[in-house]
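In what follows, a structure is listed as structure tokens, so that the remarks can point back to it.
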């Protein structure tokens, strides 16, 4: 299924999967700032958000003074992030780019953030290795990579077929309802996700459906791909496993842990 099309289609309504998107932007910015300070010392730092979406992490970090650049496979999502930054008076350069071929020189950033289960859109070992190698390439020596994914260790045991609905309420009291169906592949690791949203339309609802495929990589396997055998790690580059952060529910990672 088309990853770019999935996120292009969600770009104008991605915030509805959070109970309060603006609050989540601020909360995630603070959490990431704390992790960066613990790993690298006081900022500001140069940060690449290589799957920035509409800016959920990038905006929060930029508001705290970090020099953030955002890229995303979805041009519409990257454009939305740029508009959100402009509305907030933030400097956030963005570009549409594939995390497997980043348009930056070696050692360009102190940190890379890859959030909201974005890496798991890649469905082959080679693609994952390539993306992580590119991430390491653009990190300066001593830099840090922060990933957030679903808790796939647990999910692979249970293989859920759906998730309970969650509700976004706008300032006027209008509610949007989001829920998911999961269709597991025969290999037991990959699954097709159907994201359903019911958007308020007067006295009725407008249904919208989006579909994408994910690879349920457990943290241990992701760490193996990120190891020295999986990608070229600049000398001194550090990996961290920081504490998990509590967050509202995006469509593909409602209970993510930050790992790196």
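When the criteria are applied in full, residue 81 meets the requirement of being touching a strand residue (DSSP E or B) at 6+ places or on another chain (Cβ under 9 Å), modelled with pLDDT of 95 or more and surrounded by 20 or more Cβ atoms within 10 Å (Cβ to Cβ).
Exactly one residue out of 204, 209, 222 is within 27 Å of residue 13 (Cα to Cα) and either under 21 Å from the mean Cα position of the chain (by Cα) or assigned by TED's automatic domain parsing to the domain that holds residue 126 (or both): that is 209. On the given criteria, is residue 155 farther than 27 Å from residue 39 by Cα and surrounded by 15 or more Cβ atoms within 10 Å (Cβ to Cβ)? The answer is yes for residue 155.
The rows are residues; the columns are (1) in the same structural domain as residue 63 (by TED's automatic domain parsing); (2) surrounded by fewer than 18 Cβ atoms within 10 Å (Cβ to Cβ); (3) part of a helix (DSSP H, G or I); (4) under 17 Å from the mean Cα position of the chain (by Cα).
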| site | (1), (2), (3), (4) |
| --- | --- |
| 91 | yes, yes, no, no |
| 105 | yes, yes, no, no |
| 110 | yes, no, no, no |
| 126 | yes, yes, yes, no |
| 141 | yes, yes, no, no |
| 146 | yes, no, no, yes |
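Scanning the stretch 112-124 for residues that are touching a strand residue (DSSP E or B) at 6+ places or on another chain (Cβ under 8 Å), outside any strand (DSSP E or B) and closer than 24 Å to residue 35 by Cα yields a total of 5. Residues in the stretch 153-183 that are over 16 Å from residue 209 (Cα atoms), touching a helix residue (DSSP H, G or I) at 6+ places or on another chain (Cβ under 7 Å) and either in a strand (DSSP E or B) or modelled with pLDDT of 95 or more (or both): 168 alone.
Of all the residues in the stretch 1-60, those that are closer than 17 Å to residue 140 by Cβ and either touching a helix residue (DSSP H, G or I) at 6+ places or on another chain (Cβ under 6 Å) or outside any helix (DSSP H, G or I) (or both) number 10. Taking the criterion of being surrounded by 24 or more Cβ atoms within 10 Å (Cβ to Cβ) and over 14 Å from the mean Cα position of the chain (by Cα), would at least one residue in the stretch 18-35 satisfy it? Checked the stretch 18-35: no residue is surrounded by 24 or more Cβ atoms within 10 Å (Cβ to Cβ) and over 14 Å from the mean Cα position of the chain (by Cα).
The values are calculated or read from the model by the stated rules, or taken from the named source; none is laboratory data. What you see is a predicted model; the values in this text were computed from it and never measured. Positions of Cβ are generated from backbone atoms using ideal geometry, with glycine treated the same way; all protein chains shown enter the neighbour counts.
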